[in-house]
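Asks: Got a structure for you, written out below as structure tokens; questions coming shortly.
The values are calculated or read from the model by the stated rules, or taken from the named source; none is laboratory data. Everything numeric in this text was worked out from a predicted model, so none of it was measured. Cβ placement follows ideal geometry from the backbone for every residue including glycine, while neighbour counts extend to all protein chains displayed.
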Amino acid sequence: ETGVTQSPTHLIKTRGQQVTLRCSSQSGHNTVSWYQQALGQGPQFIFQYYREEENGRGNFPPRFSGLQFPNYSSELNVNALELDDSALYLCASSSPPGGLSNSPLHFGNGTRLTVT
Amino acid sequence: AQSVTQLDSQVPVFEEAPVELRCNYSSSVSVYLFWYVQYPNQGLQLLLKYLSGSTLVKGINGFEAEFNKSQTSFHLRKPSVHISDTAEYFCAVSPSGGYNKLIFGAGTRLAVHP
């Protein structure tokens with residue numbers, strides 16, 4: 001069983017630039033959630049995708065956007081990067097979204113984004 | 001709005017000693033509660049969950065937690081820790097039910113010393 005994989009593992013960008021982070025969900029999972037984990041803090045929910053549609057969003061501005069593809073992989077895009085966007089970005093897959101399930105969130109190892 | 005407070009940012013403990021990591025939550029509705037562990041340079045791994053039923057929940061790696069509705073707490077315990085338990089531990093609540101859209105606490109760093 002292939003777990004959740006994220007790429008790249010590390011990334012350095014300059015303020016104002018745009019970035020795309022990628023996530024491949026665990027085999028059989030059709031739901032992907034993205035979390036931002038700033039240094040020394042717990043993860044914060046960004047949004048969730050289910051069957052290629054956004055299915056819930058946290059308190060993040062519109063410059064944070066996402067996509068989910070037919071194979072259930074996902075991208076997180078961040079435009080106009082700010083210094084405070086520096087964080088570990090975690091992707092988690094599950095099946096199905098919400099409700100009771102025998103499949104809790106399975107997290108990838110994350111992408112460490114540094115904005116300078 | 002729901003929130004999670006982890007009362008200790010760091011907990012140092014000697015190997016083979018017992019440990020308790022404290023978590024309090026606030027919610028006006030029924031909640032689902034979780035504990036996750038994060039090892040260095042890794043993602044989060046589910047330790048255990050409370051959805052309903054018995055208030056004492058057993059998880060992986062010898063951890064257990066007790067749900068206390070009157071005190072709105074969900075403390076994590078282990079009777080005897082190992083060096084390998086050194087990690088960051090996160091308590092989380094689900095505002096919508098299930099496992100998704102979790103609200104996490106700030107984390108507790110467990111440092112096990114020989």
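Asks: In the range A:40-66, what count of residues is obtained for those that are closer than 17 Å to A:Gly108 by Cα and not small (Gly, Ala, Ser)?
Replies: 7
Asks: Continuing with the same structure: From the residues in the range A:1-18 that are surrounded by 14 or more Cβ atoms within 10 Å (Cβ to Cβ) and not polar (S, T, N, Q), which one is modelled with the lowest pLDDT?
Replies: The extreme case among them is A:Gly3.
Asks: Among the residues of the range B:1-34, which ones are touching a Cys at 6+ places or on another chain (Cβ under 6 Å) and among the hydrophobic types (A, V, I, L, M, F, W, C)?
Replies: Just the residues of the range B:1-34 that are touching a Cys at 6+ places or on another chain (Cβ under 6 Å), to begin with: B:4, B:6, B:23.
Residues satisfying the conditions are B:Val4, B:Cys23.
Asks: Quick check: anything in the range B:78-97 modelled with pLDDT of 95 or more, within 14 Å of chain A (Cβ to nearest Cβ) and under 28 Å from A:Tyr50 (Cβ atoms)?
Replies: Looking for residues that are modelled with pLDDT of 95 or more, within 14 Å of chain A (Cβ to nearest Cβ) and under 28 Å from A:Tyr50 (Cβ atoms), one finds at least one in the range B:78-97, hence yes.
Asks: State whether the residues of the range B:77-84 include one that is free of Cβ contacts under 8 Å to residues at least 60 places away in the same chain and surrounded by fewer than 21 Cβ atoms within 10 Å (Cβ to Cβ).
Replies: So in the range B:77-84, the residues free of Cβ contacts under 8 Å to residues at least 60 places away in the same chain come out as B:77, B:84.
Among the residues that remain, those that are also surrounded by fewer than 21 Cβ atoms within 10 Å (Cβ to Cβ) are: B:77, B:84.
Within the range B:77-84, one or more residues are free of Cβ contacts under 8 Å to residues at least 60 places away in the same chain and surrounded by fewer than 21 Cβ atoms within 10 Å (Cβ to Cβ).
Asks: Sort out for me the strands (runs of 3 or more DSSP E) sitting completely within the range A:11-108 that have 2 or more residues that are in contact (Cβ under 8 Å) with a residue 60 or more places away in the chain.
Replies: Numbers: elements: A:19-24, A:31-37, A:44-50, A:53-57, A:64-68, A:74-78, A:87-94.
Fully inside the range A:11-108 and qualifying: A:19-24, A:31-37, A:87-94.
Asks: How many of the residues in the range A:46-61 are crowded, with 22+ Cβ neighbours inside 10 Å and within 9 Å of chain B (Cβ to nearest Cβ)? Walk me through it before giving the result.
Replies: To start, the set of residues in the range A:46-61 that are crowded, with 22+ Cβ neighbours inside 10 Å comprises A:46, A:48-49.
Then drop every residue that is not within 9 Å of chain B (Cβ to nearest Cβ), which leaves A:48.
The qualifying residues number 1.
Asks: Let me ask you something else. In the range A:103-114, is there at least one residue being within 11 Å of chain B (Cβ to nearest Cβ) and of a type in the set (Lys, Arg)? First the steps, then the outcome.
Replies: Here is the first cut: in the range A:103-114, the ones within 11 Å of chain B (Cβ to nearest Cβ) are A:103-112.
Subset that is of a type in the set (Lys, Arg): A:112.
Within the range A:103-114, one or more residues are within 11 Å of chain B (Cβ to nearest Cβ) and of a type in the set (Lys, Arg).
Asks: For the range B:1-38, which residues satisfy the criterion of being acidic (Asp, Glu) and either in a strand (DSSP E or B) or at negative phi (or both)? Show your work before the answer.
Replies: So the first thing to find is which residues in the range B:1-38 are acidic (Asp, Glu), and the list is B:8, B:15-16, B:20.
B:Asp8, B:Glu15, B:Glu20 - these are the residues of the range B:1-38 that are acidic (Asp, Glu) and either in a strand (DSSP E or B) or at negative phi (or both).
Asks: Can you tell me how many residues within the range B:22-32 are within 13 Å of chain A (Cβ to nearest Cβ) and more than 23 Å from A:Gln26 (Cβ to Cβ)? Before you say what the answer is, go through the steps one by one.
Replies: Applying the first criterion (within 13 Å of chain A (Cβ to nearest Cβ)) to the range B:22-32 yields B:23, B:25, B:30, B:32.
With more than 23 Å from A:Gln26 (Cβ to Cβ) added as a condition, the list becomes B:23, B:25, B:30.
Selection size over the range B:22-32: 3.
Asks: Against the definition (in contact with a Pro (Cβ under 7 Å, 6 or more places away or on another chain) and either modelled with pLDDT of 95 or more or among the hydroxyl-bearing types (Ser, Thr, Tyr) (or both)), how does A:Leu67 come out, yes or no? Break it down stepwise before answering.
Replies: Details: in contact with a Pro (Cβ under 7 Å, 6 or more places away or on another chain): no; either modelled with pLDDT of 95 or more or among the hydroxyl-bearing types (Ser, Thr, Tyr) (or both): yes.
Here the answer is no, as A:Leu67 does not meet what is asked.
Asks: Taking the residues in the range B:39-77 that are more than 29 Å from A:Gln36 (Cβ to Cβ) and part of a strand (DSSP E or B) as candidates, determine which candidate is nearest to the other protein chains (Cβ to nearest Cβ). Walk me through it before giving the result.
Replies: Of all residues in the range B:39-77, those more than 29 Å from A:Gln36 (Cβ to Cβ) come to B:52-56, B:58, B:62, B:64, B:66, B:68-71, B:77.
Imposing the further condition that a residue be part of a strand (DSSP E or B) reduces the set to B:56, B:58, B:64, B:66, B:68, B:77.
Working: B:Leu56: 19, B:Lys58: 15, B:Glu64: 17, B:Glu66: 20, B:Asn68: 21, B:Arg77: 20 Å.
It comes out as B:Lys58.
Asks: Let me ask something else. Could you please find all residues in the range A:19-38 being β-branched (Val, Ile, Thr), modelled with pLDDT of 90 or more and touching a Ser or Thr at 6+ places or on another chain (Cβ under 6 Å)? Full working, then the answer.
Replies: Initially, the range A:19-38 is screened for residues β-branched (Val, Ile, Thr), giving A:19-20, A:31-32.
With modelled with pLDDT of 90 or more added as a condition, the list becomes A:19-20, A:32.
Of everything in the range A:19-38, just one residue is β-branched (Val, Ile, Thr), modelled with pLDDT of 90 or more and touching a Ser or Thr at 6+ places or on another chain (Cβ under 6 Å), namely A:Val32.
Asks: Which one is nearest to B:Asn68 (Cα to Cα), of the residues in the range B:8-53 that are in contact with a Lys or Arg (Cβ under 7 Å, 6 or more places away or on another chain) and of a type in the set (D, E, K, R)?
Replies: B:Glu20
Asks: Does the range B:63-74 contain at least one residue that is aromatic (Phe, Trp, Tyr), touching a Lys or Arg at 6+ places or on another chain (Cβ under 8 Å), modelled with pLDDT of 95 or more and surrounded by 15 or more Cβ atoms within 10 Å (Cβ to Cβ)?
Replies: From the range B:63-74, those aromatic (Phe, Trp, Tyr) are B:63, B:67, B:74; that's our starting set.
Now restrict to residues that are touching a Lys or Arg at 6+ places or on another chain (Cβ under 8 Å): B:63.
Now restrict to residues that are modelled with pLDDT of 95 or more: B:63.
This time we only want the ones that are surrounded by 15 or more Cβ atoms within 10 Å (Cβ to Cβ), so: B:63.
Yes, there is a match, as at least one residue in the range B:63-74 is aromatic (Phe, Trp, Tyr), touching a Lys or Arg at 6+ places or on another chain (Cβ under 8 Å), modelled with pLDDT of 95 or more and surrounded by 15 or more Cβ atoms within 10 Å (Cβ to Cβ).
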